1. Can you find, within segment A:253-278, the residue that is nearest to B:Arg281 (Cα to Cα) among those that are charged (D, E, K, R) and at the interface with chain B (Cβ under 9 Å from one of its Cβ atoms)?
2. Test A:Thr43 against the criterion of being assigned by TED's automatic domain parsing to the domain that holds A:Leu120 and in contact with a His (Cβ under 6 Å, 6 or more places away or on another chain), and give yes or no.
3. Test A:Phe207 against the stated conditions and say whether it is more than 11 Å from chain B (Cβ to nearest Cβ), closer than 15 Å to A:Glu158 by Cα and aromatic (Phe, Trp, Tyr).
4. Against the conditions (1) out of contact with any strand residue (DSSP E or B) (no Cβ under 7 Å at 6 or more places or on another chain); (2) buried (at least 24 other Cβ atoms within 10 Å of the Cβ), where does A:Phe231 fall short? Just the number, please.
5. Looking at A:Gly333, A:Gly319, A:Gly337, A:Gly329 in this structure, which one is under 20 Å from A:Val128 (Cα atoms) and in the same structural domain as A:Cys54 (by TED's automatic domain parsing)?
6. Which residues, taken from segment A:175-222, are without any contact (Cβ under 8 Å) to a residue 60 or more places away in the chain, part of a loop (DSSP other than H, G, I, E, B) and within 27 Å of A:Glu307 (Cα to Cα)?
7. Can you tell me how many residues in segment B:138-174 are part of a helix (DSSP H, G or I), of a type in the set (Ser, Thr, Tyr) and surrounded by fewer than 24 Cβ atoms within 10 Å (Cβ to Cβ)?
8. Residues of segment B:109-156 being assigned by TED's automatic domain parsing to the domain that holds B:Gly170 and charged (D, E, K, R), which ones?
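The values are calculated or read from the model by the stated rules, or taken from the named source; none is laboratory data. Owing to the predicted nature of the structure, the values given are computational and were not obtained by experimental measurement. Here Cβ is always computed from backbone atoms with ideal geometry, including for glycine, and neighbour counts include all displayed protein chains.
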There are 2 protein chains.
Amino acid sequence: MAAAVMPNKKVVFKNYITGFPKETDMELVTSDTVPLKVPEKSTAVLVKNLYLSCDPYMRFCMSKHEEPSFVPDFIPGSVITSFGVSKVVDSGHPDFSAGDLVWGLTGWEEYSLITNPESLSKIKYTDVPLSYYTGLLGMAGLTAYVGFYEICAPKKGEYVFVSAASGAVGQLVGQFAKLMGCYVVGSAGSDEKVNLLKNKFGFDEAFNYKKESDLNAALKRYFPDGIDIYFENVGGAMLDAVLMNMRIHGRIAACGMISQYNLEKPEGVHNLMYTFMKQIRIEGFLVSYYHHKYDEFVEKIMPDIREGRITYVEDTAEGLENAPAALIGLFKGLNVGKQLVVVAHE
Amino acid sequence: MAAAVMPNKKVVFKNYITGFPKETDMELVTSDTVPLKVPEKSTAVLVKNLYLSCDPYMRFCMSKHEEPSFVPDFIPGSVITSFGVSKVVDSGHPDFSAGDLVWGLTGWEEYSLITNPESLSKIKYTDVPLSYYTGLLGMAGLTAYVGFYEICAPKKGEYVFVSAASGAVGQLVGQFAKLMGCYVVGSAGSDEKVNLLKNKFGFDEAFNYKKESDLNAALKRYFPDGIDIYFENVGGAMLDAVLMNMRIHGRIAACGMISQYNLEKPEGVHNLMYTFMKQIRIEGFLVSYYHHKYDEFVEKIMPDIREGRITYVEDTAEGLENAPAALIGLFKGLNVGKQLVVVAHE
């Protein structure tokens with residue numbers, strides 16, 4: 001019997017860019033169809049996409065790299081790819097069956113044929129919102145977990161600063177730091193986000209960096225004794241100001257530098273002499289290297305979620321047609337919390 | 001009986017500076033005298049200075065700092081201080097006796113009264129040149145030892161780059177890396193130094209950075225597969241070029257950044273996004289934190305020195321009157337090897 005063929009709306013990447021990305025760098029295509037069956041003898045998995053993740057790293061996929069980058073470049077004319085939550089419709093792979101809920105790399109389309117299903121993870125706990133697997137229980141959560149606990153090597157009572165603090169990763173780092181007994185300050189780009197940091201996520205203090213004419217002075221106000229740990233999400237001028245305020249043996253976990261992604265040339269950072277003067281460690285990391293920690297992370301965080309010690313704010317765009325704007329919004333700071341796109345609720 | 005009183009020639013620091021230091025920022029004073037005895041009931045030690053060390057960190061002592069720096073500011077009108085090798089003339093301290101050879105912080109003068117002799121180390125091995133305790137067996141040697149073996153965490157076969165490679169620390173880092181079975185390239189500022197790196201210290205390759213119009217291209221020539229370890233002594237443009245050439249999980253030990261010390265504003269480093277893209281660790285360190293490793297270091301390196309596996313090149317200025325020029329020469333790259341000053345041979 002021939003498989004049912006369904007319409008398959010998708011968002012396609014148009015062409016490589018420089019500078020700031022635009023919605024028109026992506027195109028909604030409504031004319032495609034997809035058979036709801038994996039090809040004969042294939043080990044692929046056919047999934048229905050439910051939630052898609054918008055992540056800052058995707059900007060790197062939109063530029064052409066001569067040498068392989070840390071993430072693969074998108075292919076012009078092909079569907080955008082990102083992490084997402086999906087439901088298995090048909091499977092040629094022994095580890096997956098129709099009806100399974102999974103998260104992992106998928107396409108910005110209604111149905112995706114995943115040819116390397118080894119990259120997918122089966123969803124174990126469904127007593128939390130499924131969308132959490134795009135963020136809190138997905139890549140962002142694991143990023144915050146390894147970035148804070150492993151790279152920052154925190155100790156109780158230390159002074160912690162988080163930039164882009166209400167974002168997918170930052171809001172968790174702040175909560176982890178509070179659970180560990182640290183003093184935590186976050187920066188964000190609107191008063192609404194600052195309010196969230198203080199009143200929802202429990203940061204000790206927070207400030208709107210757009211209202212500060214002197215970042216060094218702002219940091220000195222909140223950290224009169226200096227910063228032990230900086231969880232770096234933005235780069236540029238903020239990093240320069242942080243370096244001036246680090247304490248001896250301070251640690252900087254370089255998770256990302258979103259303020260720099262759309263510049264022709266990244267800003268210069270002038271205060272690196274503090275690395276030796278204050279014996280500072282700056283360590284960059286990629287969550288893709290820590291996949292082996294995922295199960296440990298989920299088991300550790302589930303009780304914190306269930307018992308309300310960890311909360312999570314999501315910013316949800318409805319429908320694939322709104323996905324390009326949601327992604328571009330990340331670079332304008334329009335999202336409040338983890339940005340995701342709902343393709344279908346089940 | 002009254003103590004003999006001796007003339008005590010000294011080099012005095014004149015006043016705090018900005019920008020490039022000059023010989024005239026220091027002054028030779030020949031009119032002082034010193035009694036060759038420690039004051040009654042004092043635990044001080046009176047030493048005769050033999051060899052004095054010229055080190056790049058001393059530039060920081062020549063500027064006024066509002067907050068305490070990682071090294072104390074010099075005091076205008078007072079003698080310049082640095083590490084040196086000295087002979088005890090008189091001692092009020094139970095750990096030291098007349099005739100002992102010591103190394104540690106002393107003054108740029110013929111005789112110094114050391115009021116905190118706990119900071120001095122007794123010299124254990126005298127079957128090597130005593131001047132080695134200003135460098136190879138002093139602070140520079142320990143710096144290279146902890147910087148390379150601890151901060152860089154090297155593995156056999158890794159690709160190592162050292163800047164200011166013929167200097168007091170760099171020449172040792174290169175030799176340590178070769179002993180460990182690494183591939184080592186050094187940069188220096190003259191063809192004479194490049195020759196030394198290749199033919200005396202056994203670097204695999206070396207280049208004169210002043211002859212390279214494109215540091216990135218130079219590094220790509222010597223490291224087609226990238227750099228695992230960068231021992232950072234210079235900062236600025238070289239660090240920026242190195243970041244572009246680091247391999248995944250590369251390590252940068254920030255020992256110093258001499259190219260930046262005399263600038264009004266340090267240069268901007270633009271390529272810090274590689275820290276997360278390549279999962280690079282940049283770690284600054286100060287040798288003063290590793291004093292507890294000194295005995296281990298000396299026991300480990302003495303056989304290497306005696307059996308010729310480690311060699312050391314010194315650049316020796318004769319007499320206190322030549323000390324200011326020797327120090328200034330460091331910042332012009334005039335020294336070939338470890339710069340020191342001979343005050344007296346015994």
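1. My answer is A:Lys278.
2. yes
3. The answer is no for A:Phe207.
4. All conditions pass for A:Phe231, except number (1).
5. A:Gly337
6. A:Met180, A:Gly181, A:Cys182, A:Gly202, A:Phe203, A:Asp204
7. Result for segment B:138-174: 2.
8. B:Glu150, B:Lys155, B:Lys156
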